[in-house]
Amino acid sequence: MQCPCCERRWASFAPDWNRPDAICPGCGAHERHRALWIYLRDEMKVGERPIDMLHFAPEYALDVNLAPLRNLRRTTADLDGAGVDMAVDITAMPFADESFEAVICSHVLEHVPDDRAAMAELLRVLRPGGWALVMVPIDESLEGTYENAAIVTPEAREEAFWQHDHVRLYAPDIAGRLEEAGFHVEPVRIAEGLEPGVAQRYGLLCDETVFHCVRPALS
């Protein structure tokens, strides 16, 4: 196994509570971090030219790769403000319209009660032609995203939504929600774009999806 985030090699990755070969023992990268970094590095070419980016809830495995990039003018944000540049409510951001060329929003929206307000804000702070990379946990077996406002206890939320602090369980129809907000959306499965054997070496999940969302350019 090889972690694309820290480039170290291992006989195997460490298991998570529900699956083997999930976590890099060196940098702690899970499958979603490894997939997202591959996409940022190889497809988005982050760091090759100056860019203003908003990054929600940055995780260590991505943070250590993005922070040193001189061309990347990155603002990090989270609701409570711990360990980031700014405390930001994603449903009511303090930034002016069209402040950023790029946004990373990975495993955030499933925690937000009003995710449609958050999506609208992501669109608002992006410049025309700008892009947002959105990732969420998805149950591929669901026909539609599951929400139930009556489910409020941590135990019930873990059973219904996979984690005690999640407020919904997304289906693939999240792409439609993002399109309703005004984005052009391309779901990208990172593992499918790699040569045979590479995705296995990197320990990627075949159904891990990055939603590449673009704010339409002005006509």
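Read-outs: derived from the displayed coordinates by stated rules, not from any lab. Just so you know, these numbers come straight off a predicted model, no measurement behind them. Here Cβ is always computed from backbone atoms with ideal geometry, including for glycine, and neighbour counts include all displayed protein chains.
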Hits in segment 161-201 - residues which are surrounded by fewer than 16 Cβ atoms within 10 Å (Cβ to Cβ) and in a helix (DSSP H, G or I): Gly176, Glu179, Glu180, Glu192, Gly193, Val198, Gln200, Arg201
Residue that is nearest to Val210 (Cα to Cα) [pool: residues in segment 3-28 that are among the small types (Gly, Ala, Ser) and in contact with a Pro (Cβ under 8 Å, 6 or more places away or on another chain)]: Ala22
Residue ID - farthest from Arg157 (Cα to Cα), chosen from residues in segment 202-216 that are in contact with a Leu (Cβ under 9 Å, 6 or more places away or on another chain) and crowded, with 20+ Cβ neighbours inside 10 Å: Arg215
Wholly enclosed strands (runs of 3 or more DSSP E) of segment 1-113 bearing at least 1 residues within 19 Å of Gly130 (Cβ to Cβ) and in contact with a strand residue (DSSP E or B) (Cβ under 9 Å, 6 or more places away or on another chain): 51-56, 72-78, 100-106
Residue check for Ala149: assigned to a loop (DSSP other than H, G, I, E, B) and either touching a strand residue (DSSP E or B) at 6+ places or on another chain (Cβ under 8 Å) or aliphatic (A, V, I, L, M) (or both): yes
Hits in segment 161-199 - residues which are under 18 Å from Glu43 (Cβ atoms) and of a type outside the set (A, V, I, L, M, F, W, C): His184, Glu186, Pro187, Arg189, Glu192, Gly193, Glu195
